[in-house]
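Got a structure here, written out as structure tokens. Questions coming.
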Amino acid sequence: MDHVRWGIVGPGNIAHRFAEQLMHSKTGTLTAVASRALGRAEEFAAEFESRDATINAYGSYAELYADPAVDAVYIATVHTEHVRLAIEAVEAGKHVICEKPLAVNHAGVMSLMEAARRAGVYLAEGFMYRFHPQIDRLIQLIADGEIGDVQHIDSAFSFAADLLDDSRLKSANLAGGGILDVGGYPVSAARLVAGAATDAPFADPTSITAKGTVGPTGVDEWASASLEFASGITAHVTCGIGLAEPSSLIVYGARGRITVRSPWLPSVENPSFIDVERPGEPAQHIEFEPAYSYALQADALAEFAEAGQSPRMSWADSQGNARTLDRWRAAIGLEYPFEAATANIPTANGRPLARRDDATMPHGTIAGIDKPVSRLVLGCDNQLTLAHASAMFDDFVERGGNAFDTAYIYGGGLMERLLGQWVAQRGIRDDVVIVGKGAHTPYCDPESIVRQLEESLERLQTDHVDLYLMHRDNLDIPVGEFVDVLDEQVRAGRIRAFGGSNWSIARFDEAKAYAQANDKQGFAVLSDHFGLAHALDVPWAGCEHVTEPSDREWLERTGTPLLPWSSQARGFFARADQNDRSDAELVRCYYDDANFERLARARSLSSELGVAPTAVALAYVLAQTFPTFPLIGPRSIDETRTSMAGLDISLTEEQVRWLDLRSDRMG
């Protein structure tokens, strides 16, 4: 883009900085400004108008988004509004730079980036310091080994402000406090340096310990954290809104140190320079010409608009930063009221939850369940907060999914509570299929089924689960006793259909025969491991797999619906490497020549189709000649999207047989 016409949303202090420096941009001009108070927008426009340029002032953000004369938007509102306003902007076709943090937590960042990806626009987090020439020089000094191997990083950004309790920085309801306001700077710098030291764009810490003070208004007034990276590099980061500590960025190496004197807000009035100090040598003092970081940030949009993101602050980098800030807050016990497990968290876009028009999710039927069941079932065992769960679950529904798998033991009951709270607040109980599991060893008996189911229903805030699976089998108990108690729960209305997870085919057949002989409802589904990679062993005690030829024959002959877990082999198709045996479980369960041949064939086909090998592995499961409803366990929206690409792949019978080595020809 040669010329970018900018609109500003939220004419506050930071918006003023952006507007002042935008005048030094090579590509951008200010075209419009919006505020909920039209008078504020008009005052702002008048301040920056010139004889040659008129700035439109709007009393609503929607008016600015509808202005065809606006190409890009700078969002400078309070933290809690960033995600919704940025989604509205990208859906209006506007490129966006959003003030940091992009969102209050990683969940919001995921949702926003997915919206920007769908819209095909540029999105960046407003860490303008990353665009100043001193950062390029810092990275080059590290890459050149000027101070030897990097060992430690000290990074701080704080200020001591005399704030009233109703200030946004003191408000827990507005996500106030130091970590989100300024803590992102030292964290992002530490991650940047730790990455540069290992020839990577950034690095995420493997461990975090932290201390801090949460004040009477419920926000962090100061906080510090110690980070450790996989490389062995350590970092200490500090921030605060009530802490008078100079801003700093110091990198310590084996042969010296680098000090960035004005790391975050270099300006004409506050000039920047870098000192490189090595024992026994004269210090190297590096000065920089005045540069306007906000203008450089704006020019990056023009340069990388087609790519959608700038390499100076990529989406992956922003996601890693958000995860780190989440961990920092968790380490000091800081949770905002609107993040609580009992909170009412709205959708990211603020609209009622609905399936998108472009959703491609197919659905199937399971006997006993009176509603369609999405062919993919989302596993509810990787979500630790309601915010994360809501983002993941909302995205799944928008893609056409409606089936959710949880269990009594997951997270000690937390996963059921999160799912139940989300379903209740979305008001969609009649639309979703809840798959509940119980009776895990050592509590695999009829009495435990009744007791655990009652507790699960309370956690889930519902009077029934659509499909109940026994999580394990207990060979010491006759199958008839299990069928009897499950049939009783059906008749009581607490479950609609039931089945066995990690049951052998022999025991499953025995249970069905008992039900038929005694006029009871029988097992409707089986949930064992099945996938393109054949299991050499199972990851947990008591698990069962159905990957042998005789298993396939039974599944095809009986038409029993299968809910396979680990259908993508727990990452085998994403990261398996014959020379990397660091993941002992992956090696034990999947490493053999036949599976690596299946992996090679999946990679070959994925390259031809332009998708990830994991998508091919999922498409393989969906293409079986018996009904399958694979369980998937993504930890992020990115992983959901990558997996669900398998829905768009229609494998032929010849391709299926070639992938699983039953044929040497793909057809």
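Which ranges mark the helices (runs of 4 or more DSSP H) fully within the stretch 1-112 that have 3 or more residues being farther than 25 Å from ALA348 by Cβ?
Passing ranges, in order: 13-22, 38-48.
I need a count of the residues in the stretch 1-39 that are of a type in the set (Gly, Ala, Ser), free of Cβ contacts under 8 Å to residues at least 40 places away in the same chain and surrounded by 15 or more Cβ atoms within 10 Å (Cβ to Cβ).
Qualifying residue count, the stretch 1-39: 4.
To keep it simple, each residue is scored yes or no on (1) in contact with a helix residue (DSSP H, G or I) (Cβ under 7 Å, 6 or more places away or on another chain); (2) at pLDDT below 95; (3) among the β-branched types (Val, Ile, Thr).
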residue	(1), (2), (3)
ILE477	no, no, yes
GLY499	no, no, no
ALA535	yes, yes, no
LEU563	no, no, no
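Applying the selection to the stretch 458-503, what residues are hydrophobic (A, V, I, L, M, F, W, C), touching a residue at least 24 places away in the same chain (Cβ under 8 Å) and not in a helix (DSSP H, G or I)?
Passing the criteria: VAL465, LEU467, LEU469, MET470, LEU475, ILE477, ILE495, ALA497, PHE498, TRP503.
Got a number for residues in the stretch 40-98 being surrounded by 15 or more Cβ atoms within 10 Å (Cβ to Cβ) and in contact with a helix residue (DSSP H, G or I) (Cβ under 8 Å, 6 or more places away or on another chain)?
Within the stretch 40-98, residues that are surrounded by 15 or more Cβ atoms within 10 Å (Cβ to Cβ) and in contact with a helix residue (DSSP H, G or I) (Cβ under 8 Å, 6 or more places away or on another chain) number 34.
Select from the stretch 468-489 the residues that are of a type in the set (A, V, I, L, M) and touching a Lys or Arg at 6+ places or on another chain (Cβ under 7 Å) and list them in ascending order.
LEU469, VAL479, VAL483
Tell me, which helices (runs of 4 or more DSSP H) lie completely within the stretch 504-596 with 1 or more residues that are hydroxyl-bearing (Ser, Thr, Tyr)?
Hits in the stretch 504-596: 505-517, 549-558, 584-590.
Taking the condition crowded, with 21+ Cβ neighbours inside 10 Å and either within 30 Å of SER550 (Cα to Cα) or of a type in the set (Gly, Ala, Ser) (or both), does HIS440 pass?
Here the answer is no, as HIS440 does not meet what is asked.
Residues that are modelled with pLDDT of 95 or more, within 23 Å of PHE159 (Cβ to Cβ) and in contact with a helix residue (DSSP H, G or I) (Cβ under 6 Å, 6 or more places away or on another chain), at least 3 per element: which strands (runs of 3 or more DSSP E) completely within the stretch 232-287 meet that?
234-240
Within the stretch 171-187, does at least one residue satisfy the condition of being modelled with pLDDT of 95 or more, within 26 Å of the chain's Cα centre (by Cα) and at positive phi?
yes
Filter the stretch 115-141 for residues that are in contact with a Gly (Cβ under 8 Å, 6 or more places away or on another chain) and farther than 17 Å from VAL182 by Cβ; which is surrounded by the fewest Cβ atoms within 10 Å (Cβ to Cβ)?
For the stretch 115-141, the residue satisfying everything is GLY120.
Sort out which residues of the stretch 144-189 are surrounded by fewer than 23 Cβ atoms within 10 Å (Cβ to Cβ), within 30 Å of ALA203 (Cβ to Cβ) and of a type in the set (Gly, Ala, Ser), and write them in order of number.
Across the stretch 144-189, the qualifying residues are GLY145, GLY148.
Right, ILE139: assigned to a helix (DSSP H, G or I) and within 20 Å of ASP299 (Cβ to Cβ) or not?
Judged against the criteria, ILE139 is a match.
The values are calculated or read from the model by the stated rules, or taken from the named source; none is laboratory data. This one's a predicted model, so the numbers in the text were calculated from it and none came from an experiment. Every residue, glycine as well, gets a Cβ built from its backbone with ideal geometry; the counts of neighbours run over all protein chains shown.
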